[in-house]
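The values are calculated or read from the model by the stated rules, or taken from the named source; none is laboratory data. Please read these numbers as outputs of a predicted model, since none were measured by experiment. Because the Cβ atoms are built from the backbone with ideal geometry, glycine has one as well, and the counts that use them run over all protein chains shown. For accessibility, only protein heavy atoms count, side chains too; no ligands or nucleic acids. Shrake-Rupley method; radii C 1.70, N 1.55, O 1.52, S 1.80 Å.
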Amino acid sequence: MPAFAANLTLMFNEWSFLDRFDAAADAGFTAVEYLFPYEAAPDAIAERLARNGLQQALFNLPPGNWAAGERGIAALPGRFDELTSGVERALDYAAATGVKRLHLMAGLADSKDEEAASCYRRSIVYTAERLAESGIDLLIEPINGRNMPGYFLNDFGTAERLIAELDLPNLKLQFDIYHRQVLHGDVTMALRRLLPVTGHIQVASVPPRHEPDDEELNYAYLFEEIDRLGYDGFVGCEYIPRGRTLDGLDWFKPFSRS
Ligand SMILES: O=C(O)C(=O)[C@@H](O)CO
Ligand SMILES: [Mg+2]
């Protein structure tokens, strides 16, 4: 049975950020993920995790100026010092939360730009090696250009080649099934091939990015396939509820701890 992590950036928005941990646990989740923890104190998050018996599945390293439209800095020339200090900040939160995988966002840059590609590789190598000292995996995620126009890493093949070429033991793929379907389709065959390098899976319906129970993809089949493949990581529920979060959890009932 997949281990689902509620995505507290998109789900449980009826509650304040810290109260979303309680709401997710009450709804039967045993793990959580979100984009960024940095507006809450590490201890406050740790307390919510412990109080609710929740595991921290994932969060992202600092992305640059998100409010100004930045979507990561790893591929951006001239931002390496900021990247290294962001890694230390993320490690403080990792120590408090016990998270074992962090996602590094590439940023908005031309995917054919050689300087961006070189910055991206340098950032990945640095970050992976620094995280390895704490036993943490580094994830990279291809993101489709409809949701994030201009995002540098917009192709699963590029991510697959990069992971193979860099050959870093803790560099893994964040396989977001929603992005995979929008970008390329062929989800099941890609899962089968890429599972050995996959460190985290995320789900949502396609195309509206809602609960994984309808529209273009057959998630009942895909959840069984994830089990058949022996995947033992988390499946992040990175979806926008159609209405109130709790009203959209019928799909989750067979997997809930309550
Ligand atoms: O957009 C997505 O998909 C994500 O997983 C976010 O974490 C972007 O980092
Ligand atoms: Mg995702």
Range of Cα positions in the range 65-153 per principal axis (Å), largest first: 34, 24, 21
The chain, relative contact order [Cα under 8 Å, separation at least 6], %: 22 percent
The chain - share of DSSP beta bridges that are antiparallel (%, nearest 5): 5 percent
Full-extension gain in nm, residue 184 to residue 3, via 0.36 nm per residue minus C-alpha separation: 62.6 nm
Protein accessible area in the chain, 1.4 Å probe - carbon and sulfur %: 49 percent
For the range 3-52 versus the range 182-223, the gap between their alpha-carbon centres in whole angstrom: 23 Å
Inverse mean reciprocal Cα-Cα distance (Kirkwood Rh) of the range 14-103, Å: 13.9 Å
Relative intensity, log₁₀ I(q)/I(0), of the range 135-178 from a Debye sum that treats every alpha carbon as a point, q = 0.13, 0.25, 0.32 Å⁻¹: -0.29, -0.89, -1.17
Ordering of 43-56, 88-101 by burial proxy (mean other Cβ atoms within 10 Å per residue, highest first): 88-101, 43-56
Environment charge of residue 45, counting only residues whose C-beta is closer than 13 Å and scoring Lys/Arg +1, Asp/Glu -1: -4
Accessible area in the full protein assembly, largest first, 1.4 Å probe, for 148, 105, 1: 1, 148, 105
More than 18 Å apart - percent of Cα-Cα pairs taken over the range 153-258: 49 percent
Modelled FRET efficiency - R0 22 Å, residue 221 with residue 256, Cβ distances, 0.05 increments: 0.65
Residue 235 long-range amide H proximity, modeled H, under 5 Å: 3, 4, 5
Stokes-Einstein diffusion coefficient of the range 1-160, Kirkwood radius over Cα pairs, 37 °C, 0.692 mPa s, in µm²/s: 201 µm²/s
